[in-house]
Each structure stands twice: as structure tokens, then as C-alpha cells.
């Protein structure tokens, strides 16, 4: 049996006030095309389908049209769970009716204990258990259990699931959580403060494959078969070196056989560019990927007029600008900064004029400016 493990679609996400929905549409089409052209028995989505609990209409429409093609046209079952960004009750709407169409949405404790079984000629029957995002409070309230941490809550829930496991089947678990020791990035919303959201990978050892969501970097933890597929595209500049995609998992008669990363390519990459203004402007003239979403770190130590406008003339999608070059880092720079504060009004105006006009003041202009400064200074001292 072969199935695709994905997670963290975050449909409808805004990044620095830019909608990523068009890029997400391109990514989802790549998933559809892969299923259309390859042998795939199921698609798993391990939480954070949407980016927020009340998603925009266009995000809902994109998900609906994508799932319609996969389930109805390609007749490929989809199993999805709610993540911490989703509203479990909203995502669960109509889920019982959708099961007959091959769309299985699990967002409640009741559905968690009912596996979805798919028959496979080579691997035999495979049962998919899906554990939606949960926290200790909800587990404590629903099951009347005295759990206080995420680890205790997950240990209890997995214990409940194991009671439903058929030993003659291969068993796959979907989950949305933070496994202790795994690598995080800046775009993930913390589940709690102080690290109490971490859970042990040892709870998952008895399954044939564990399809995790929440962390955005593709990775395994503890065992080859305990994996995060990572998000389908980059959602922060801290992820600039991540290889985004989905995981193709294969089970055989013995259980887990392999996991292969399949790249998903976004129309706009996310990159960090660092350097001096003139260097970056020159580089942008020949950069084939000048449409990427960029964070620019300027190393220039002097003030630059309208830096974003200059940068966007060659890189239209500069979304964030940092100026670390203007920070004081050593004693020489402190002396330089102190010296710059001692400069008079005429010196500073000359710098401004040079930046705007790319030329210095003439003798006549300098005389006029000096007279104006003297008049203003005498007026303020009265």
C-alpha cells in the first residue's frame, strides 16, 4: 500500500499582509497531479487544514474543489484531522455524510476510536486511526481523567486507541502534536508556554506508521516510521532552507517499508538576502528569481532615503526590511556614532541633499541654507 502523508496546509494564510492563497492553489494542484499520475491508495492531512478557526471564503472554496477532484474524480480516500489552527466543530460539519464519498474528517474523541480500514492486495487491511489536536483540559473534561500535561493526555488517548487495534491489521496513526526533541520554526503557533506541550515518541512505537502534523520541517523522530511531513510550503523566513513537500509512505506485508519525500514547489520562494544596498540593487537586475518573497538585511551604516522603494524596483516582493548595519557593535562604531551626533544642521542637510539629488550643494545653495538655519536657531532660542 502507498499513501501520501501531508500536513499543515494553512489555507488562507496571510504573510506580511500578502495572501498566499494563489500559491497554495498551485501547490494543491501539484498534489492532485501526483495522485492522478501515480499509484496512491490514500491521502492523509494531519491537521491545520486552515490557518485560522474562521477561514476566508476563498480558502474554503479551494479546499472544497481540491477534495472534490481527489475523492470524486480520482476516487482516492482522504483522511484528515483538525489541528490547533482549525475549529474542530466547523471542520467536522457534514463529516458523517462525506464518509460515503471517501472523505473522512476526524475532529472528535468519538470518531478517534473508529478506524478507517482500507484493503490492500500486498499489505493486507490497513487501519487508519486519527487523533485530532487536543489539550490536557479537553481530555480531562471529556474522559474525567486527572491528566495535567500534553504528554499525559496523549499517553491516555493512545491507550484508548490501542484498545481498538486489530492485531491482524497494519495500523497507522495520524496526530497533531509536538514530539519532544523535534525541530520547530518561527511559523508554528505555540501549543503552550514553557515546553509543557512536548510529548514522548515512545507512545507511538507500536504503530506501523505515525503521520504527524504541527511542526513545519520534514523530519523523523525516534524511529523511521514516526514522521512529520512538514508544511506544504514555507510560512516564515526561518524556513528558507526547508525542502517543502509531502511524504510517500509504502507498507508491505511486514508493515513499514519506506518513506520518500516528494518536493512541492511554490511559485514564490521565501528567501533572506543580506548585503549593501548598491550590491543588492545590482544583483536584482539579473536575478531570475526576483519575484520571490524576501526579507532584506541591509548592512549599510548610513541612513538611506526610501529603501523599500529602491529595493522593490528590482525585487517587487520585498516583504520585510532589517538594518543590522546601523546597529552599534564595537567601540569604534560607538565613537563614530558619537561623532555623527556632533555634526551640525548644515552637515546633516548636506547628507540629505546628496542622498536625494545625488549631488552636493553649490556655494550659493549652501549660503542660503546656512542663513535659514541661523534664522531658525535664533528664533528657537528666543
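The values are calculated or read from the model by the stated rules, or taken from the named source; none is laboratory data. Nothing here was measured: the structure is a model prediction, and the numbers come from that model. A quick note on method: Cβ atoms are made from the backbone with ideal geometry, for glycine too, and the neighbour counts reach across all protein chains shown.
Name the residues in the range 229-243 that are touching a strand residue (DSSP E or B) at 6+ places or on another chain (Cβ under 7 Å) and without any contact (Cβ under 8 Å) to a residue 60 or more places away in the chain, would you? Within the range 229-243, 234, 239, 240, 243 meet the criteria.
Comparison of 281, 295 shows that the only residue that is at pLDDT 95 or above, outside the structural domain of residue 175 (by TED's automatic domain parsing), crowded, with 16+ Cβ neighbours inside 10 Å and touching a helix residue (DSSP H, G or I) at 6+ places or on another chain (Cβ under 7 Å) is 295. Residue 185 satisfies every condition listed in (1) within 30 Å of residue 16 (Cα to Cα); (2) in a helix (DSSP H, G or I) except (2).
One line per residue, one yes/no per condition, for (1) modelled with pLDDT under 95; (2) crowded, with 17+ Cβ neighbours inside 10 Å; (3) part of a helix (DSSP H, G or I):
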position: 32; (1), (2), (3): no, yes, yes
position: 36; (1), (2), (3): no, no, yes
position: 61; (1), (2), (3): no, no, yes
position: 66; (1), (2), (3): no, yes, yes
position: 76; (1), (2), (3): no, yes, no
position: 79; (1), (2), (3): no, yes, no
position: 97; (1), (2), (3): yes, no, yes
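The numbered conditions (1) in contact (Cβ under 8 Å) with a residue 12 or more places away in the chain; (2) in a loop (DSSP other than H, G, I, E, B); (3) surrounded by 14 or more Cβ atoms within 10 Å (Cβ to Cβ) are all true for residue 206 except (3).
Would you check if there is a residue in the range 97-104 being closer than 19 Å to residue 175 by Cα and in contact with a helix residue (DSSP H, G or I) (Cβ under 6 Å, 6 or more places away or on another chain)?
Taking the range 97-104 as the starting set, the residues that turn out to be closer than 19 Å to residue 175 by Cα are 103-104.
Retained after the next criterion (residues that are in contact with a helix residue (DSSP H, G or I) (Cβ under 6 Å, 6 or more places away or on another chain)): 103.
Taking every residue of the range 97-104 in turn, at least one turns out to be closer than 19 Å to residue 175 by Cα and in contact with a helix residue (DSSP H, G or I) (Cβ under 6 Å, 6 or more places away or on another chain).
Is there a residue being in a strand (DSSP E or B) and either touching a helix residue (DSSP H, G or I) at 6+ places or on another chain (Cβ under 6 Å) or in the same structural domain as residue 110 (by TED's automatic domain parsing) (or both) anywhere in the range 146-168? First the steps, then the outcome.
To start, the set of residues in the range 146-168 that are in a strand (DSSP E or B) comprises none.
Taking every residue of the range 146-168 in turn, none turns out to be in a strand (DSSP E or B) and either touching a helix residue (DSSP H, G or I) at 6+ places or on another chain (Cβ under 6 Å) or in the same structural domain as residue 110 (by TED's automatic domain parsing) (or both).
Tell me which residues, restricted to the range 108-131, are buried (at least 19 other Cβ atoms within 10 Å of the Cβ) and in contact with a helix residue (DSSP H, G or I) (Cβ under 6 Å, 6 or more places away or on another chain). Those that are buried (at least 19 other Cβ atoms within 10 Å of the Cβ) and in contact with a helix residue (DSSP H, G or I) (Cβ under 6 Å, 6 or more places away or on another chain): 129, 131.
Give me the pairs, please: first residue somewhere in the range 257-269 and at pLDDT below 95, second residue anywhere and part of a loop (DSSP other than H, G, I, E, B), beta-carbon distance under 6 Å, and either six or more positions apart or on two chains. Every condition considered, no pair remains. Scanning the range 230-259 for residues that are buried (at least 19 other Cβ atoms within 10 Å of the Cβ), outside any strand (DSSP E or B) and more than 12 Å from the chain's Cα centre (by Cα) gives no hits.
For the range 102-128, which positions are within 27 Å of the chain's Cα centre (by Cα) and within 15 Å of residue 249 (Cβ to Cβ)? The one that is within 27 Å of the chain's Cα centre (by Cα) and within 15 Å of residue 249 (Cβ to Cβ): 128.
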